[in-house]
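These notes are about the structure you will find just below.
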Amino acid sequence: MRFMKRLAVLGFACVTSMANAADSITVYSYRQAFLIDPILADFTKETGIKVNLVFAKQGIAERIAREGRLSPADLVLTSDFSRLMELADKGLVASVDSETLAQNIPANLRSPNGDWFALTKRVRNIYSSKERLGPLEIDYEDLADPKFKGKICTRSGKHPYNISLVASMIAHHGEADTKTWLEGVKVNLARKPQGNDRAQVKAVKEGLCDIAIGNSYYLGKMLQDPKQVPWAEAVNINFPNQKNRGAHINVSGMALAKYAPERENAIKLMEYLSGQQAQQTYAELNMEYPVKADVKPSKLVASWGEYKADELPIHKLAEYHGAAVKLLDQVKFDL
């Protein structure tokens, strides 16, 4: 009898252990841990579901493909739209039909078939020297204006942020006009494209150029770094195309992994990340714009003023991605 009771206890312990193991999910992330750990910790506290975070700067799509059906990945978090497209194009994501996600995330910021969802927005801004130019009412199209010859700094045209911008220009103007525009922008460059977005603002501070192209949240990041505060304070942040279609935006996002072992719990996390608390935390920590309409940006970001965003559906950028890369090659933008 004692033996049978002991077996029963052991059996219960095994079942409990298996149940506890199931109350965890694995997230592959292009976003660094410090940016999302607080949000994931809140999710675990609220739901009891633990999150195992696996960070990588690159190669997540290749890893999931290599792991196949044995992949432990339940959810993938990306830092830009191009990574979402890569996952979708390679057939490594599963469609999600969630009323919560549909309510929290605008239609133009999610895949029409539920393959991926945006989590935050960032504007591709045009920064101008406070000292030499001041604030500008400017469109992306103006970057090709001869009056800016030798005055523009940007990172590589082949970076996903710039490819996305070029893709949006193709969507609005067609390939021929966009090629002409790119040629004009190239002529106006103060130096060969190089560095990251912060490096462009630094170049404005140092007088190497008067205009820099960069994402909005980098201004917030620079203002939090004592060494970079002088760079940030040397520029005005300008939201382009405010009198017409609105400023181009890129997104960070999420996608359910194709072979997610814990699909149900992964979707719970997706819904949580689109909700009020997580969206507010994203806004405060990352200086990005929430995708949930009723969540306000941080006070610092709000101080830059309201802006009109281009409402071009994000998935449309994928249609012109290849054409954008082709045009950048044709004009030899980075040379």
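May I ask you to list the trypsin sites (Lys or Arg not before Pro) in the stretch 56-147 that are in a DSSP loop and have at most 16 other Cβ atoms within 10 Å of their Cβ? Those that pass, being in a loop and sparsely packed, are Lys57, Lys90, Lys130, Arg132.
Average accessible surface for the stretch 119-256: 37 Å² per residue, computed with a 1.4 Å probe over protein heavy atoms with every protein chain in place.
For the chain, the longest principal axis of the alpha carbon atoms and the long axis of helix 321-330 meet at an angle near 40°. Projected label points at Leu300 and Lys57, each 7 Å from Cα along the beta carbon direction, are separated by 2.3 nanometres.
Working from label points 7 Å from Cα in the Cα-to-Cβ sense, the Arg263 to Asp139 distance is 4.7 nm.
Projecting label points 7 angstrom from Cα along Cα→Cβ for Lys130 and Thr47 puts them 4.3 nm apart. Our estimate of slack between Lys326 and Glu175, defined as 0.36 nm per intervening residue step minus the Cα-Cα distance, is 53.4 nm. Exposed loop positions in the chain were taken to be GluC sites (Glu not before Pro) whose DSSP state is not H, G, I, E or B and which have at most 14 other beta-carbon atoms within 10 angstrom. Between these positions, the longest stretch is 1-130.
Helices in the chain, meaning DSSP H runs of at least 4 residues, each add -39500 (n - 2.57). Divided by all residues, the mean residue ellipticity at 222 nm is -13000 deg cm²/dmol.
Once both axes come from the Cα atoms, what is the angle between helix 160-173 and the longest principal axis of the chain, in degrees from 0 to 90, rounded to 10? Value to nearest ten degrees: 60. Solvent-accessible surface (1.4 Å probe) assigned to Trp116 amounts to roughly 10 Å². In the chain, the longest principal axis of the Cα atoms and the axis of helix 2-22 are about 10 degrees apart.
Distant-in-sequence amide contacts of Ser29, defined by a placed amide H-H separation under 5 Å and a gap of 5 or more residues or a different chain, comprise Val54, Phe55, Ala56, Leu77. Couplings 3J(HN,Hα) of the stretch 121-131, computed from phi: 10, 9, 8, 8, 8, 10, 8, 10, 5, 4, 6 Hz, in residue order, whole Hz [Karplus 6.51 cos²θ - 1.76 cosθ + 1.60, θ = phi - 60°; x for Gly and Pro]. Values of log10 I(q)/I(0) for the chain across q = 0.08 Å⁻¹ run -0.41, by the Debye formula with one identical scatterer at each alpha carbon and no solvent. In order along the stretch 252-261, the Karplus-derived 3J(HN,Hα) couplings, from 6.51 cos²θ - 1.76 cosθ + 1.60 at θ = phi - 60°, round to 8, x, 8, 8, 6, 5, 4, 10, 3, x Hz, and Gly and Pro are given as x.
Evaluating 6.51 cos²θ - 1.76 cosθ + 1.60 at θ = phi - 60° for every residue in the stretch 304-313, the Karplus couplings come out as 7, x, 6, 9, 9, 9, 5, 8, 4, x Hz, glycine and proline recorded as x. Which entries of Lys57/Lys268; Lys292/Lys332; Lys186/Lys308; Lys227/Lys326; Lys202/Lys296 have Cα-Cα distances beyond 31 Å here? The answer is Lys292/Lys332; Lys227/Lys326. If you take the beta carbon distance between Gln194 and Gln224 as r and set R0 to 35 Å, what does 1/(1 + (r/R0)^6) give as a FRET efficiency, to the nearest 0.05? It comes to 0.90. Across the stretch 218-335, Cα-Cα distances exceeding 26 Å account for 42% of all pairs.
The values are calculated or read from the model by the stated rules, or taken from the named source; none is laboratory data. This is a predicted model, so every value here is computed, not measured. When we count neighbours, we look across all protein chains shown, and the Cβ atoms used for this are built from the backbone with ideal geometry, even at glycine. In case anyone asks, the SASA skips ligands and DNA or RNA and just uses the protein heavy atoms, side chains included. Shrake-Rupley method; radii C 1.70, N 1.55, O 1.52, S 1.80 Å.
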